[in-house]
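Here is the structure we will look at, set down as structure tokens.
The values are calculated or read from the model by the stated rules, or taken from the named source; none is laboratory data. These figures come from a predicted structure and were not determined experimentally. Glycine also receives a Cβ, built like all others from the backbone with ideal geometry; neighbour counts cover every protein chain displayed. Surface areas here come from the heavy atoms of the whole protein model, side chains and all, with no ligands, DNA or RNA. Shrake-Rupley method; radii C 1.70, N 1.55, O 1.52, S 1.80 Å.
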Amino acid sequence: MSGPEEPAATAAAAAVEQHTIDHVPDSERHGRVRDLFTMWFGTNIAPLPLVTGAMGVQVFHQSFWSSVLAIVVGQLVGGVFMALHSAQGPQLGVPQMIQSRAQFGAIGALLIVVVAAAMYIGFFASNIVLAGKSLHGLAPGVPVDAGIVLGALGSAAICWIGYRLIHTLNKVATWVLGIGIVAGLAIVVARGLPDDFFTRGGFTFAGWLATVSLSALWQLAFAPYVSDYSRYLPRTVRTSATFWATYWGSCLGSTLPFLAGTVIGLAAPGTDDTVAGFDSAAGSFGPVILLLFLFSVINHNALNLYGAVLSLITIGQTFRTAWQPRQAARGAVSAVVLVAALLIAVGLSSDFVSHFVNLVLVLLIVLVPWTAINLIDFYLVHRGRYELGDLFLPDGGRYGRFNTVALVSYAIGILVQLPFVATSLYTGPLVGPLGGADLSWLVGLVVTAPVYYFWARSRGEGDERPSVPRHQESPAAVAGAASPAP
């Protein structure tokens, strides 16, 4: 069920997105639920999930079948949380980071927003490294650093235009990139696999669980901004329809390159550059793979830049609540993020894989408790009922500046993970007895969710009801009218 037809006023709207972090009124809602499938399938056919998928055999030394099973389990489990976040978008019409103010308070939510901004910038920098390497592979005369700059500029252009173009490009990417990666894999297999393809590596519980964790984290990393791409849908769409379109689009779209990475990691041993390995293993089809990856990484990376920009605007709006940022603000903040990410990317391009592994493992620790709190609050505590106007007030309205319950629950969620963390930077005391397996993310979910739920319910949170139905009015405008400009 896709909801009502797109209103004429919306159809005539400018192609360049005008909203940033403000509420999208019902009169400007548009699109169909099935667009979420192509959105998340297309954006996941990219080099970074290819690189991540190869880690199961390259870094954790799993066999082919062990790695495949771990990837599928991780995607199916992580995709549940990702899709539950997506289903919030049509109901609220605001970005995920703005909605976090309802759990953590107007100022308390800054902790989460800063973490999210750092995550987006990290992924953006990682992706443009891959764009630079893909362009260098296609045209060896173009230095990797120059390719990094060109890839970043392409993503910035997509981000500046915004929501409509992002969805349109991913409709194209679903078919073009999906067919391209399947064709590339077929050619790699047809050209012959190494004799030890199915016997190399083995199964270890620690390595298998680490591969599951990386696969699940790929989905969890979308959680802080997945609803930003469903918030324009009419609020009448069914929550279940939003969930399943997002879930299968993202799980299938990311599983494909993850599995491709596993194949390439075994078919092209001796290289840490999985993209270059795919190019070599695919023979004459290799340049086509590089070209498709160049397009995909620029397209995919626009989401990371978009999320970083919305997060930074959210930080600014927290301290200047009367500010109503529009498209020009998104362009200006994009330029700042672009420069910062380029400096990071050029610095890590020579040792990409090790830097990326460290990044995702740290993200796993800080994202898990936020995900647990946000989902428990939306589905079980407040049950989707929020006073949106209060989210833009300087004092947070009924949600306050700080929510002790959420902040302490979040801290507990991080602390309980530490004994189970297994990274090159820190290894917890319980990792050894568990055979080296990293169970931190599972412990974080299992502990944070009930702690927050029972504590929040004991304080009566969620019992209140929105006092004024403001569905048709922008909460930013409500906040600006209700409080003097600073």
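For this structure, a couple of remarks:
- Extended-chain gain in nm, criterion 0.36 nm per residue less alpha-carbon gap, Arg398 and Ala118: 97.9 nm
- J(HN,Hα) series, the range 279-295, from Karplus relation 6.51 cos²θ - 1.76 cosθ + 1.60, nearest Hz, glycine and proline x: 4, 5, 5, 8, x, 5, 7, x, x, 5, 4, 5, 5, 5, 5, 4, 5
- Amide H partners (placed H, <5 Å) of Gln62, local residues excluded: Val57, Gly202
- Nearest-0.05 FRET efficiency for Leu291 and Ala186, computed from C-beta distance (R0 22 Å): 0.80
- Overall, the ratio between the Cα radius of gyration of the range 72-117 and 2.2 N^0.38 Å, rounded to two decimals, is 1.34.
- Percent of alpha-carbon pairs separated by more than 16 Å within the range 132-195: 66 percent
- Solvent-free Debye calculation, one equal scatterer per alpha-carbon of the range 129-258: log10 I(q)/I(0) at 0.10, 0.21 Å⁻¹ equals -0.53, -1.41.
- For the range 235-305, pairs of C-alpha atoms spaced more than 15 angstrom apart make up 67 percent of the total.
- Inter-label distance, Asp195 to Trp175: 4.5 nm, where each label sits 7 Å from its Cα along the C-beta direction.
- Förster-model FRET efficiency, 30 Å R0, Val339 and Ala139, C-beta, rounded to 0.05: 0.75
- Among Phe203, Phe64, Phe104, the sequence by solvent-accessible area, most first, with a 1.4 Å probe is Phe203, Phe64, Phe104.
- In this structure, Thr168 and Trp248 have a Cβ-Cβ separation that, at R0 = 25 Å, corresponds to a calculated FRET efficiency of about 0.80.
- Residues in the range 209-252 reached by a label modelled at Val73 [backbone nitrogen below 18 Å; 7 Å Cα→Cβ]: 209-220
- Table column - 3J(HN,Hα) (Hz), the range 165-170, Karplus curve with 6.51, -1.76, 1.60, x for Gly and Pro: 5, 4, 5, 5, 5, 6
- Model label points for Ser27 and Leu415, set 7 angstrom from Cα along the Cα-to-Cβ axis, are 5.0 nm apart.
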